[in-house]
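Following: one structure in structure tokens, then a few remarks.
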Amino acid sequence: MVWDTLFALDADNNPQPQMVDSWTVSDDKLTYTFTLRPGLTWHDKAPVRAADCVASLKRWAAKDGMGRALAEFTAAITAVDDRTFTLTLKQPVGFVIDALGKIDSNVPFMMPERLANTDPNTQITEVIGSGPFRFLPEEFVPGSKVVYQKFEGYVPRSEPASQAAGGKVVKIDRVESVYLPDAAVATAALAKGEVDLLESPADDLMRTVENNPNIVIEPNDPLGYQLFLVINHLHPPFDNKEARQALLWGMRQTDFLAAIMSDAKRYQACPAVFGCGGKNDSRLGGEALAATDPAKAKGMLSAAGYDGRPIVVMDPADNSVLHPAALVLAQSLRRMGANVDVQAMDWSTLTQRRASKAPPGQEGWNLFVTNATLTGISNPLLHTYIKNCDQAWYGWPCDRHIVELTRAWALEGDAGKRREIVDALQKAHLENVTYVPLGQYRSIIAYRKELMGLIRGPALFYWNVAKH
């Protein structure tokens with residue numbers, strides 16, 4: 001809403017120019033030249049410059065997995081003039097535009113140079129973008145409400161809106177995002193017309209409003225989400241690969257999926273690290289997940305040296321999807337003979353605590369369940385959550401063979417050979433148990449029928465939406 005991107009994915013998940021007006025690639029495939037659209041301005045009324053984009057890309061590349069991969073092959077990013085900049089590679093790679101157009105965390109958002117120059121490990125202090133809405137700091141109530149207002153200075157593209165691409169035409173004056181931790185209160189507010197839309201409604205409460213003629217309940221993301229188990233590789237017992245492999249045999253995917261979705265038509269068991277149904281769908285090595293044998297898992301965990309110490313499971317009790325999944329996780333671990341310590345917290349606390357490398361008994365953790373869009377995990381560079389070693393996400397797995405395979409995939413131009421590498425990565429991730437795939441599902445949104453023009457995608461986009 002606040003920040004815009006150089007490229008964006010359309011409804012077919014193909015990257016299209018967004019802030020970029022035109023771009024070219026040199027004959028040797030080493031130099032990309034980008035020219036910005038005219039008339040782009042920041043919310044503080046300053047013009048968007050190429051130097052802003054250069055600084056923003058450098059900040060993004062310091063933190064994002066795909067950005068880091070691109071930076072590894074980048075010789076220089078240079079502003080040529082106020083509207084033009086170049087990206088020069090050390091050697092040709094085929095994912096430059098895919099990286100700049102990625103739609104999932106971390107999105108390569110553009111921000112003013114003075115903000116983008118903030119240390120990448122330090123939070124920025126102002127919310128100033130060039131997108132179709134501007135953030136209203138005077139109405140921000142931390143933990144309660146965020147307010148966005150239509151940015152009158154935004155010039156949308158001429159093409160029709162298509163997922164995150166095309167013209168971002170704003171048809172409403174403001175959006176108030178209100179935090180309602182009690183799912184029943186949120187559902188009742190929707191029924192009474194006190195709110196217009198629930199981004200993450202409680203699935204089990206939708207039966208109370210499904211017959212309400214003023215409410216629409218439907219999936220918003222055409223592809224959906226993957227549910228997965230994040231494992232702390234630093235501390236016992238899961239610093240031992242054999243203990244991690246026990247988890248594969250102990251987790252029944254359909255138990256997790258049935259707990260978070262009431263409609264079995266909206267979920268499926270899937271061992272594929274890069275998601276089932278996509279072009280990188282590989283299910284090699286998924287036999288344990290398909291079989292599920294708690295007794296075997298118990299024996300494997302014991303053989304791996306598990307000594308009965310408490311296994312700390314972080315439970316985001318305010319999250320209608322991840323909370324029931326955490327409870328299923330605890331039950332599954334107990335079937336494996338584990339001593340489980342379920343620690344309830346809100347989601348924001350979990351997102352802070354997951355960064356702790358402290359031992360589980362000292363404000364650290366062993367396991368938690370989370371999710372990601374299938375769009376955002378569809379290839380080895382996009383999939384932030386399976387990065388290993390220096391680029392590892394929380395859990396800090398490190399298998400150098402996986403790092404080498406990922407690099408080989410990035411450099412390989414032949415589709416057939418890339419497919420072979422995907423199969424090898426699938427086997428390697430499940431062999432070392434980077435994490436445990438728990439299946440995939442399509443979540444729902446619920447909204448008042450007065451809202452028109454909602455765009456289907458892995459995130460909710462508030463341009464093109466009208467209220468009648």
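The values are calculated or read from the model by the stated rules, or taken from the named source; none is laboratory data. Computed from a predicted model, the values in this text were never measured in an experiment. Reconstructed Cβ throughout: ideal geometry from the backbone, glycine too, with neighbour counts over all protein chains shown. Protein only, heavy atoms only, side chains kept; ligands, DNA and RNA dropped before computing areas. Shrake-Rupley method; radii C 1.70, N 1.55, O 1.52, S 1.80 Å.
Summary table
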| quantity | calculated |
| --- | --- |
| Accessible surface of region 380-468, 1.4 Å probe, proportion on carbon and sulfur as whole % | 50 percent |
| Per-residue [θ]222 nm for the chain (sum of -39500 (n - 2.57) over DSSP H runs n ≥ 4, rounded to 500) | -7500 deg cm²/dmol |
| Percent RCO, i.e. relative contact order, over the chain, from Cα pairs under 8 Å lying at least 6 residues apart | 20 percent |
| Derived scalar couplings ³J(HN,Hα) [region 185-202; Karplus, 6.51 cos²θ - 1.76 cosθ + 1.60; whole Hz; x for Gly, Pro] | 5, 5, 5, 5, 5, 5, 4, 8, x, 7, 10, 9, 7, 10, 6, 9, x, 6 |
| Largest-first principal axis extents of the Cα set of the chain (Å) | 65, 59, 40 |
| Debye intensity ratio I(q)/I(0), log10, region 396-453, q values 0.14, 0.23, 0.28, 0.31 Å⁻¹ (C-alpha model) | -0.56, -0.96, -1.13, -1.18 |
| Excluding exposed DSSP-loop GluC sites (Glu not before Pro) (at most 14 other C-beta within 10 Å), longest clean stretch of the chain | 211-362 |
| Apportionment of accessible area to carbon and sulfur, region 104-144, percent (1.4 Å) | 51 percent |
| Exposure ranking of VAL185, VAL403 by accessible area [1.4 Å probe, largest first] | VAL185, VAL403 |
| Dipole magnitude (debye, nearest 20) for region 235-288, charges at Cβ of Lys, Arg, Asp, Glu | 180 debye |
| Extreme residue, positive dipole direction of the chain, given options THR118, VAL25, PRO137 (C-beta unit charges) | VAL25 |
| For the chain, accessible area per residue (1.4 Å probe, heavy atoms of protein chains only), Å² | 43 Å² |
| Portion, in percent, of the accessible area of region 1-86 that falls on carbon or sulfur, probe 1.4 Å | 51 percent |
| For peptides 295-308, 452-465, 318-331, sequence by mean Cβ density within 10 Å, most packed first | 318-331, 452-465, 295-308 |
| Convex hull (Cα only) mean projected area of region 247-317, reported in nm² to one decimal | 6.6 nm² |
| Translational D in µm²/s for region 310-468 (Stokes-Einstein at 37 °C, 0.692 mPa s, Kirkwood Rh from C-alpha pairs) | 179 µm²/s |
| Per-residue HN-Hα couplings for region 109-115 [Karplus 6.51, -1.76, 1.60; θ = phi - 60°; Hz; x = Gly/Pro] | 6, 8, 9, x, 4, 5, 7 |
| Cross-link pairs LYS102/LYS449; LYS102/LYS279; LYS63/LYS145; LYS241/LYS296 - those with Cα-Cα distance over 21 Å | LYS102/LYS449; LYS63/LYS145 |
| Karplus-derived 3J(HN,Hα), 6.51/-1.76/1.60, for each residue of region 374-385, Hz, glycine and proline x | 5, 4, x, 10, 6, 8, x, 8, 5, 6, 4, 7 |
| Part-to-part distance (alpha-carbon centres) for region 340-413 and region 266-323, which is given in Å | 14 Å |
| Where ASP203, ASP196 fall by accessible area, highest first, once all protein chains stay in place (1.4 Å) | ASP196, ASP203 |
| Counting all C-alpha pairs of region 100-218, share separated by more than 21 Å (%) | 57 percent |
| Shape metrics for region 356-433, restricted to C-alpha atoms - Rg then Dmax, Å | 14.2, 48 |
| Region 17-107: radius of gyration over Cα atoms, expressed as a fraction of 2.2 N^0.38 Å | 1.05 |
| Rounded to the nearest 20 debye, dipole of region 262-368 from Cβ charges on Lys, Arg, Asp, Glu | 240 debye |
| Which of PHE151, ASN211, ALA191, positive extreme of dipole for region 132-227 (C-beta unit charges) | PHE151 |
| Accessible area of THR118 in the full protein assembly, 1.4 Å probe (Å², nearest 10) | 40 Å² |
| Net dipole in debye of the chain [+1 Lys, Arg Cβ; -1 Asp, Glu Cβ; about Cα centre; nearest 20] | 400 debye |
| Mean shadow area of region 171-233 over all directions, Cα convex hull, nm² | 7.0 nm² |
| Amide H contacts of ALA8 (H built 1.01 Å from N, under 5 Å, at least 5 apart or other chain) | GLN16, GLN18 |
